Ligand SMILES: [Zn+2]
């Protein structure tokens, strides 16, 4: 009788484990992708500073960068809230305009510890991130429906998502899709519910 009970209990435990891993899989219908081990910035980007410099011909650069950060700061119930600083040393997310010859590359993000670049796939957390926006980027990839300024802002918002720890999503109607079609086709210029869920997984909910 006693033995039977132990068997029954371990059967129940197994079922609970099976069910919870199954449940986890279906919950991942949340449409974001994280780096391995949920790797992220070493501390939440809350009450922290961003810095930017540079400019891109024909683009409202400063307001685009600020608008992208504002779209992230406006996400409710997240530890994402950043302020602008003109002092680079205070910043944990820097945005620069750079010259990349491939016009299809709109922006890229580097993950940094001090002056050392790290891979977000290495399992090492990073202290700050450096975003580079391409002076030669094809910002008019807009099918006549979305302004170049909006494509730029959306691209900065996408790179900020990387800086916070989001990898590319497989869903084209989310900010972290690896093609700016999310802006030109779906009018997404900032984080969606998918990205909010992603950063909540990484840094927790605020309330
Ligand atoms: Zn990307």
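Since every read-out is calculated from the coordinates, none of them should be taken as a lab result. Computed from a predicted structure; not experimentally measured. Here the Cβ is made from the backbone with ideal geometry for all residues, glycine too, and neighbour counts use every protein chain on show.
Among 91, 63, rank each residue by its count of other Cβ atoms within 10 Å, from fewest to most, as a rough exposure measure.
Details: 91 21, 63 13.
Exposure proxy ranking, most exposed first: 63, 91.
Take the alpha carbon gyration tensor of the stretch 149-191, find the square roots of its eigenvalues, order them as a ≥ b ≥ c, and report rounded if a/c is under 1.5; if not, report prolate when a/b exceeds b/c, else oblate. Intermediate values should be presented prior to the final figure.
Details: a/c = 2.26, a/b = 1.21, b/c = 1.87.
Oblate is the answer for the stretch 149-191, as a/c is 1.5 or above yet b/c matches or exceeds a/b.
Does the stretch 34-134 classify as rounded, prolate or oblate by the C-alpha gyration tensor (a ≥ b ≥ c root eigenvalues; a/c under 1.5 gives rounded; else a/b over b/c gives prolate, otherwise oblate)? Oblate, because a/c is 1.5 or more while a/b does not exceed b/c.
Counting other beta carbons within 10 Å of each Cβ, put 155, 73, 119 in order, fewest first.
Going from sparsest to densest Cβ surroundings: 119, 73, 155.
Measuring nothing but how far apart in sequence close Cα pairs (under 8 Å, 6+ apart) lie, relative to its length, the stretch 55-207 scores a relative contact order of 27 percent. Please say if the stretch 72-207 is rounded, prolate or oblate, where rounded means a/c under 1.5 for a ≥ b ≥ c the square roots of the C-alpha gyration tensor eigenvalues, and otherwise the choice is prolate for a/b larger than b/c and oblate otherwise? In terms of gyration-tensor shape, oblate. For residue 47 and residue 90, the difference between the fully extended length at 0.36 nm per residue and the C-alpha to C-alpha distance is 14.3 nm.
Of all DSSP beta bridges confined to the stretch 74-160, the antiparallel ones make up roughly 60%.
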